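Note sheet for the following structure.
The values are calculated or read from the model by the stated rules, or taken from the named source; none is laboratory data. A quick note: this is a predicted structure, and the numbers were derived from the prediction, not measured. Cβ placement follows ideal geometry from the backbone for every residue including glycine, while neighbour counts extend to all protein chains displayed. Side chains are part of the model used for accessible areas, which takes the heavy atoms of the whole protein and leaves out ligands, DNA and RNA. Shrake-Rupley method; radii C 1.70, N 1.55, O 1.52, S 1.80 Å.
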Amino acid sequence: MDKFIIVGQQPIQGVVTPSGNKNAALPVLAASLLSDEEIVLENIPRIRDVETMLRLLSHLGVAVHWRGENEVSLHAHSVSGEDLDPEDFAAIRGSVLMAGPMLARLGRVSLPRPGGDSIGRRRVDTHLLALHELGAQVDVDSYYTMSAKQLHGADILLDEMSVTATENALMAASVANGTTVLSNAASEPHVQDLARLLQQMGAQIDGIGTNCLTIEGVERLHGAHFRIGPDHIEVGSFIGLAGATHGELLIKDAGPENLRMVRLMFGRLGLDSEIRGNDLFVRGGQKLCIQADMHNAVPNIRNAPWPGFPADLMSIMLVTATQADGTVIIHDWMFESRLFFVDRLIAMGARIILCDPHRAVVIGPSALHGEQMQSPDIRAGMAMLIAALAARGTSIINNAAVIDRGYEKIARRLRALGAQIERVSSEQ
């Protein structure tokens, strides 16, 4: 198992370009199952979760070919759902996105339970209820087994604004017989990317970017050439990196249209950024100061469905807050284990009170020092990297592979910004 060795308090500055959106890459890869023609996808990040998804697709019979560093071709000329590997399915949460396309393509699918980060319970009920409404018979045991001779349109109200359930229902409804209205749908940038790819493939979808999607099912989908957008979570991670280390970054091709709430919430920590065309500039040397609410009340930063503050940036926001003057409540109401990594930050010298599984009080600024750590999930891993870069002394993050799942070549890219970080094998 590889690990990262980080020497903190090195000047961070320079230019960085975000990778393609990880949370868009997985559903658009799964959508290749819906057509027997070639799908070419650009700006796909070369991360561990993508490699796992491509391995799953290859096992199903999809011809996968990397045409460039971040461009991949997929051709699902013939597909078989037999003998799926439970270990690969358990490696990533995104494996559940196979359900809708495989059901639509094969009429039957039996999926092992998906895996992913250890951030708390992550329901699949909404996925299964939506596919049931589209005409699937659903049986739940150690596998999720679904079958349908013909999917049909339906008026579906999702019981939660689930991103992946919206994506599964959207893919299945695109080739269902009749009209589907999908209400209480998620509308994150990655959901929009999937919908636009499906449109290029011939799907008829109205309401993209809203919480109500109308899909007119078509008989078949054809090939397409599509480019996914920049990863706004990675952009937010770089904003937090600049703030916590007092560094200066120009983030190229940042997609500022998707950063309004991200910039607003970092602004509450006193961390300002400037839009320059399609780029984002974070000025160096900013003194972070938490902005109190009216009547000097302690502010509460909480996540929410889009266009609210993204859940995947809560860990980054928390570690940035440890370097800001003042007190703030970080409230992740979605996942009951997301904040459990704060014990690592406390060991580094951060002043954090974990109130319950969903809320932490951060009192800053804290002088952090190096520690040896283990990350429970992708975003906590990146938060630990940021903490280590802001800390005095040397830190070790033992399970580098967890961070690899969501951030492409992160050690190399951080070194280009002045960070002192090395990736070594555990034997070393």
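Summary of computed values
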{"read-out": "The chain: angle of helix 232-245 to the longest principal axis, Cα-based, in degrees nearest 10", "value": "10"}
{"read-out": "Top positive-direction residue, dipole computed over the chain with Cβ charges, set Gln9, Leu134, Gly153", "value": "Gln9"}
{"read-out": "Paramagnetic reach from Ile275 (point 7 Å along Cα→Cβ, amide N under 17 Å) across segment 202-233", "value": "230-233"}
{"read-out": "Alpha-carbon Debye profile of segment 278-428, log10 I(q)/I(0) at 0.15, 0.19 Å⁻¹", "value": "-0.82, -1.30"}
{"read-out": "Net length gained if the chain between Arg359 and Asp293 were fully extended (0.36 nm per residue, minus Cα distance)", "value": "22.0 nm"}
{"read-out": "Label-point separation, His59 to Thr179 (7 Å along Cα→Cβ), nm", "value": "4.1"}
{"read-out": "Whole-number percent relative contact order across segment 169-235, with pairs defined as alpha carbons under 8 Å at least 6 apart", "value": "40"}
{"read-out": "Shape box of segment 133-208 [Cα atoms, principal axes, largest first, Å]", "value": "33, 24, 20"}
{"read-out": "Simple label model, 7 Å out from Cα along Cβ direction - Asn398 to Val140, nm", "value": "3.4"}
{"read-out": "Relative compactness, the chain, computed as alpha-carbon Rg over 2.2 N^0.38 Å", "value": "0.98"}
{"read-out": "Apportionment of accessible area to carbon and sulfur, the chain, percent (1.4 Å)", "value": "47"}
{"read-out": "Relative contact order (percent, whole number), the chain, Cα cutoff 8 Å, 6+ residue spacing", "value": "21"}
{"read-out": "Separation between Cα centres of segment 211-279 and segment 333-411, rounded to whole Å", "value": "22"}
{"read-out": "Rounded to 5, the percent of DSSP beta bridges in segment 275-428 classed as antiparallel", "value": "65"}
{"read-out": "Cubic angstrom per residue, convex hull over Cα atoms of segment 10-75", "value": "90"}
{"read-out": "Acute angle (nearest 10 degrees) that the helix 48-60 long axis makes with the longest principal axis of the chain, alpha-carbon atoms", "value": "10"}
{"read-out": "Gain on full stretching of the segment that runs from Gln150 to Met1 - 0.36 nm per residue minus C-alpha separation", "value": "49.0 nm"}
{"read-out": "Average Cα contact separation per residue, segment 328-402, under 8 Å, 6 or more apart, as relative contact order %", "value": "28"}
{"read-out": "Euclidean distance between Cα centres, segment 146-163 to segment 39-63, Å", "value": "25"}
{"read-out": "Residues listed by number, segment 174-196, amide nitrogen under 16 Å from Leu157 label point at 7 Å toward C-beta", "value": "181-186"}
{"read-out": "Hits among lysines - C-alpha to C-alpha of Lys409 under 23 Å, sequence gap 8 or more where chains match", "value": "Lys3, Lys22, Lys252"}
{"read-out": "Crossing angle, helix 189-200 versus the chain [Cα axis fit, 0-90 degrees, rounded to tens]", "value": "30"}
{"read-out": "Ranked by how many other beta carbons lie within 10 Å on average, peptides 232-243, 259-270, 334-345 from highest", "value": "232-243, 334-345, 259-270"}
